[in-house]
1. Would you mind checking which residues have amide H under 5 Å from S197's amide H? H placed 1.01 Å from N; only 5 or more apart, or other chain.
2. Rg and Dmax of the chain, Cα atoms, in Å?
3. So, in nm, how far is label K256 from label E282 when the simple model puts each one 7 Å beyond its Cα toward the Cβ?
4. If I take every Cα pair under 8 Å that is 6 or more residues apart in the stretch 12-115, average their sequence separation and divide by the length, what percent do I get for the relative contact order?
5. Magnitude of the Cβ-charge dipole of the chain, K/R +1 and D/E -1, about the Cα centre, nearest 20 debye?
6. Quick one: grab the alpha carbon gyration tensor of the stretch 74-162, order the square roots of its eigenvalues as a ≥ b ≥ c, and give me rounded if a/c is under 1.5, else prolate or oblate depending on whether a/b is larger than b/c.
7. Quantify, in whole percent, the carbon and sulfur part of the accessible surface of the stretch 1-155 (1.4 Å probe; protein heavy atoms only).
8. Note down the relative contact order for the stretch 1-42 as a percent, whole number, built from C-alpha pairs under 8 angstrom at least six residues apart.
Amino acid sequence: MAASLVAPDTHSPMEDAEALRKAFKGWGTDEKAIISILGHRNAVQRQQIRQAYEELYQEDLVKRLESELSGDFEKAVYRWILDPADRDAVLANVAIKKAETDFHVIIEISCILSPEDLLAVRRAYHYRYKRSLEEDVAAHTSGDLRKLLVALVTAYRYAGHEINERVAKSEADILNDAIKDKAFNHEEVIRILSTRSKAQLIASFNRYRDEHGISITKNLLVDSDEGTLQKALHAAIRCINDPRKYFEKTVRNAIKENGTDEDALTRVIVTRAERDLKDIKELYYQRNSVSLDHAVAKETSGDYKAFLLTLLGKED
């Protein structure tokens, strides 16, 4: 996995904190200085800067940034500076609170993170909201979608690589029967997707493709009028099977012609910059014959654009 973030091996948290303080002082905020510091620091370094800032000025850097910045730029910087587990807790909460719950975010967090990282997000959610992630998911969804999302978000999968071929075959058959009968809410489907290890699920998906000559994700979408549950299952399978391809498509959809979905664009860039954004950029280029940097630059502007491009690893 290749990150896109360009961060120095050593930095002085105190000097960074002082430079940020200076950026807040005087007439207007020096956004360029904020981008040049925070846009080039990894999670541990950002945490150290927050601590140094608090020690030096008895003030919370996150709150200060919120008051100094605005719009999409503020949102992106706010999400970036948070500890990754806390950030995912915030993203989940924002997704849950939308008029129509954005189940994609809940599925990304449940199906792409490692079991330990998912646990950390659930802890961060408790701490921040004084409720559990699963109770909020359950309170804002209903029916089959609720069953699926609660099962995914409470999963603690085995993280090893061992697989059982016999199970792969029998569960590929179960999934095939459910899709054939349009029984997407079948409890076996939810059981398989929410309890099996990723390695085991990928073995089942591969078995499915070998036996039926079509991938399970393509088969799920044969129906043109697919419902919400079908879309959610499709997203879950793609997140488990190939997260980078999933994120490439998310970004592609976010910067389609009919207006940019800044929330989705920010989410992918901010959450993947330290993980695999370089790989996602390569996939994007292969798929669209234009670099992601170029596409983002075309669809965004101002400090927001400069910040995203910095996280994408664009050299100044």
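1. Amide H neighbours of S197, under 5 Å, 5+ apart: Y158.
2. For the chain, the Cα-based Rg and Dmax read 20.9, 68 Å.
3. 2.8 nm
4. After rounding, I find 20 percent.
5. That gives the chain a dipole magnitude of about 320 debye.
6. Numbers: a/c = 1.68, a/b = 1.07, b/c = 1.58.
Here the stretch 74-162 falls in the oblate category.
7. 51 percent
8. Taking the mean separation of contacting Cα pairs over the length of the stretch 1-42, I get 55 percent.
The values are calculated or read from the model by the stated rules, or taken from the named source; none is laboratory data. The structure presented is a predicted model; accordingly, all values stated were derived computationally and were not measured. FYI the Cβ positions are ideal-geometry reconstructions off the backbone, even for glycines, and counts take in every protein chain you see. Note: accessible area is taken over every heavy atom of the protein model, side chains too, but ligands, DNA and RNA are not part of it. Shrake-Rupley method; radii C 1.70, N 1.55, O 1.52, S 1.80 Å.
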